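Visitor: Take this structure, written in structure tokens, and hold onto it; I'll ask about it next.
Each value in this text was obtained by applying a stated rule to the coordinates, not by laboratory testing. These numbers come from a predicted model, not from an experiment. So basically every Cβ, Gly included, is an ideal-geometry build from the backbone, and we count neighbours across all protein chains shown.
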Number of protein chains: 2
Amino acid sequence: MQKIESVKNDQIKKINKLKQKKYRQQEGQYLLEGWHVIKEVLVNRPEDVELILTVPDHLAELRPFLKANSGAVIEINERVATVLSDTVHTDGIFAVAQLPGFSDETLLNHENKPWLVLDQVQDPGNAGTMVRTADAAGFAGVIFSAGAIDPFNSKVVRSMQGSQFHLVVAQVADLNHFLEMQRQQNYRIFGTLVDNQATDIRQITLSDQRYLLMMGNEAHGLSSELATIADDNLYLPIFGQAESLNVAIAAAVLMYQLQMQADL
Amino acid sequence: MQKIESVKNDQIKKINKLKQKKYRQQEGQYLLEGWHVIKEVLVNRPEDVELILTVPDHLAELRPFLKANSGAVIEINERVATVLSDTVHTDGIFAVAQLPGFSDETLLNHENKPWLVLDQVQDPGNAGTMVRTADAAGFAGVIFSAGAIDPFNSKVVRSMQGSQFHLVVAQVADLNHFLEMQRQQNYRIFGTLVDNQATDIRQITLSDQRYLLMMGNEAHGLSSELATIADDNLYLPIFGQAESLNVAIAAAVLMYQLQMQADL
């Protein structure tokens, strides 16, 4: 097994550059950190793993998860782990994984499950949490608009907790094209507005899961262009005095409310 | 108007100590930061404000909100603001506010609205977000157990966004006593478990809002002691492959689901 003990090693420097969007796109790769998520990728998408880097501690628990196609394992020391890490306390295990590709084909035909669309969402914790919640709620995937944060930003990846291996996560260049494709599949398009002139979520009835839910920017909400495209714009009633809800909280309540009504 | 221009000023040093729990309890005060939350306290609880500290920029917008009982205003400069601030980009306005007191009396008689109980919740962002969501969902208040994070920790305060002025926020020494008091008011006690042997939230029907919902620690969930006390332990169905939901997300979905069923 290859060992790397210097933080100045060229391969480590190159891997570290994957923390920048530009290099992720150039290499078609991103960096995973932490035993939980490494286990998820090895179980769900071993073919996506190019390389695993780990301190000696994890070698024994790692072995049963390795596949013929899951890439080489490199042993690193604590110092190298600290350099690669994006957290205060790293557990010392990393993987270089391929960015998932997608095409119009892969964005259709997901057993008629719903989609979450994140337009202009900027906060990585919010974005990652919404992907994780969409996974729990049984969604087909989460589509990021061109103006939203990169879904493979390391903070988003940390907060997705491996959900990117369970559902489609894709940033599309042309959101209108995606919406049009889904509309042609008879998907109903829901926007969200913080406005009690919109439709109260309690008034929506669904007969199946063919819908998509669009969430907007943390500060500015959904763009008026997308609100116009929507079949209905939904709002969550505020029973108390808070002015608004956090976007990831609102998305979660809406996703569960819709899924529970979709006769699952 | 008093001006403070030195970061070594004794009063500034003393105010800065309110970032520590020990001094908050000793002084019965905590620190607020940011124009949005200062406005909230001046509108909702001017009598709680001991002192306002602000850079000159906010003086004009502040004036119409000041009340006879809302404490003195001290002008500070940017350097003092940076020392007091808990954020990367401060807007330079702060207040010293009284910690809200509470008694058995104040924890009863809230128009029969529901309560959220946070047992052993540790993450400040989660705790603050749950207070904000409970406010939106029309809850009477949020009760923190003795082992949970201090609700007046500056990160919790930031994430509550002023909701502490809309509903009761209290950390109780004896949670069992609180639960017993509410039970005597015919409140139904719901626990939460990540376990599909518990009661699916969709099976609950409520005829009024007299219930309380207990959420547990991020990693370990609700303690078995509290789960035993509960009338029902609820779980949220996982329709996809995520192992679990973030505690603030789960709390939000459950609170809204219960409130929408409570015939509001």
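Visitor: Averaged across the residues of A:128-135, what count of C-beta atoms belonging to other chains lies within 10 Å of each residue's C-beta?
Guide: Working: counts 1, 4, 1, 1, 7, 8, 2, 7.
That average works out to 4.
Visitor: To continue, here is another question. Quick one: Karplus J couplings for region A:111-117, per residue in order, coefficients 6.51, -1.76, 1.60, θ = phi - 60°, nearest Hz, x for Gly and Pro?
Guide: Going residue by residue, I get 6, 6, 7, x, 10, 9, 10 Hz, with x marking Gly and Pro.
Visitor: Based on Cα positions only, what radius of gyration and what Dmax would you give for region B:46-152, in angstroms?
Guide: According to the Cα coordinates of region B:46-152, Rg and Dmax are 17.0, 47 Å.
Visitor: Still on this structure, I have one more. Net charge near B:THR199, counting Lys/Arg +1 and Asp/Glu -1 over other residues with Cβ under 14 Å of its Cβ? List each step's numbers first, then the result.
Guide: Details: positive: B:ARG188, B:ARG202; negative: B:ASP195, B:ASP200, B:ASP231, B:ASP232.
Taking every other residue near B:THR199 into account, the sum is -2.
Visitor: What does the average come to when, for each residue of peptide A:246-258, you count the partner chain Cβ atoms lying within 10 Å of its Cβ?
Guide: Working: counts 11, 0, 5, 13, 4, 2, 11, 11, 2, 3, 12, 4, 0.
Counting Cβ atoms of other protein chains within 10 Å of each residue's Cβ and averaging gives 6.
Visitor: Antiparallel as a % of all DSSP beta bridges within chain B, to the nearest 5?
Guide: Values: 11 of 38 bridges.
Here the share of antiparallel DSSP bridges comes out near 30 percent.
Visitor: What angle do you read, to the nearest 10 degrees and between 0 and 90, between the alpha-carbon axis of helix A:35-44 and the longest principal axis of chain A?
Guide: So the inclination is approximately 80 degrees.
Visitor: Sticking with this structure for a sec: Apply the Karplus curve 6.51 cos²θ - 1.76 cosθ + 1.60, θ = phi - 60°, to the phi angles in region B:130-147 and return the couplings in whole Hz, x for Gly and Pro.
Guide: After applying 6.51 cos²θ - 1.76 cosθ + 1.60, I find 5, 5, 4, 5, 4, 4, 4, 7, x, 7, 5, x, 10, 9, 9, 6, 4, x Hz.
Visitor: Average partner chain C-beta neighbours within 10 Å, per residue of A:232-244?
Guide: Working: counts 0, 0, 0, 0, 5, 7, 4, 13, 14, 10, 14, 8, 3.
Across the residues of A:232-244, the mean count of other-chain Cβ atoms within 10 Å is 6.
Visitor: As a test of the formula, what do you get for chain B when each DSSP H run with n ≥ 4 contributes -39,500 (n - 2.57) and the sum is divided by the residue count, at 222 nm and rounded to the nearest 500 deg cm²/dmol?
Guide: Per the formula, -9000 deg cm²/dmol.
Visitor: Moving on to the next point. Is the shape of region B:2-98 best called rounded, prolate or oblate, per the rule: a/c under 1.5 gives rounded, else a/b larger than b/c gives prolate, else oblate, with a ≥ b ≥ c the square roots of the Cα gyration tensor eigenvalues?
Guide: Working: a/c = 1.55, a/b = 1.10, b/c = 1.41.
Since a/c reaches 1.5 but b/c is at least a/b, the shape of region B:2-98 is classed as oblate.
Visitor: List A:SER207, A:SER223, B:SER159, B:SER6 from most exposed to least, where exposure is judged by having the fewest other Cβ atoms within 10 Å.
Guide: If I rank by nearby Cβ atoms, fewest first, I get A:SER207, B:SER6, A:SER223, B:SER159.
Visitor: A further question on this structure: For region B:240-252, what does the Karplus curve 6.51 cos²θ - 1.76 cosθ + 1.60, with θ = phi - 60°, yield as ³J(HN,Hα) per residue in whole Hz, taken in order and with x for Gly and Pro?
Guide: The phi angles translate into x, 10, 4, 6, 6, 10, 4, 4, 6, 5, 4, 4, 5 Hz.
Visitor: Hey, another quick one. For region A:156-264, rounded, prolate or oblate, judged on the Cα gyration tensor with a ≥ b ≥ c (square roots of eigenvalues), a/c < 1.5 rounded, else prolate if a/b > b/c? Don't jump to the answer; show the numbers that get you there.
Guide: Details: a/c = 1.30, a/b = 1.15, b/c = 1.13.
Judged from the Cα gyration tensor, region A:156-264 comes out rounded (a/c under 1.5).
Visitor: Same structure, new question: Leaving out same-chain residues fewer than 8 places away, which aspartates and glutamates sit with a Cα under 19 Å from that of B:LYS8?
Guide: Of all the aspartates and glutamates, those that pass the test against B:LYS8 - Cα under 19 Å, at least 8 places apart if same chain - are B:GLU75, B:GLU78, B:ASP86.
Visitor: Between region B:163-233 and region A:131-162, how far is it from one alpha carbon centroid to the other, in angstrom?
Guide: 30
Visitor: Moving to a separate point now. Check cross-link reach from B:LYS22 to the lysines: straight Cα distance under 18 Å, and skip same-chain residues fewer than eight apart.
Guide: The qualifying lysines are B:LYS13, B:LYS14, B:LYS155.
Visitor: Among B:PHE144, B:ASN16, B:ALA242, whose Cα lies farthest out toward the positive end of the dipole of chain B, if unit charges sit on the beta carbon of Lys, Arg (+1) and Asp, Glu (-1)?
Guide: Value: B:ASN16.
Visitor: Also, quick follow-up: Taking K and R as +1 and D and E as -1, what net charge do the other residues with C-beta under 13 Å from the C-beta of B:ASN217 add up to? Can you show the working numbers first?
Guide: Numbers: positive: none; negative: B:ASP119, B:ASP123, B:GLU218, B:GLU225.
Taking every other residue near B:ASN217 into account, the sum is -4.
Visitor: Where Lys and Arg each count +1 and Asp and Glu each count -1, what net charge lies around B:LEU245 among other residues with Cβ under 10 Å from its Cβ? All intermediate terms of the calculation are to be shown ahead of the outcome.
Guide: Values: positive: A:ARG132; negative: A:ASP135, B:GLU243.
Neighbour charge sum, excluding B:LEU245 itself: -1.
Visitor: Can you tell me the dipole magnitude for chain B around its Cα centre, using point charges on the Cβ only (Lys, Arg +1; Asp, Glu -1), in Debye to the nearest 20?
Guide: Magnitude of the dipole: close to 700 debye.
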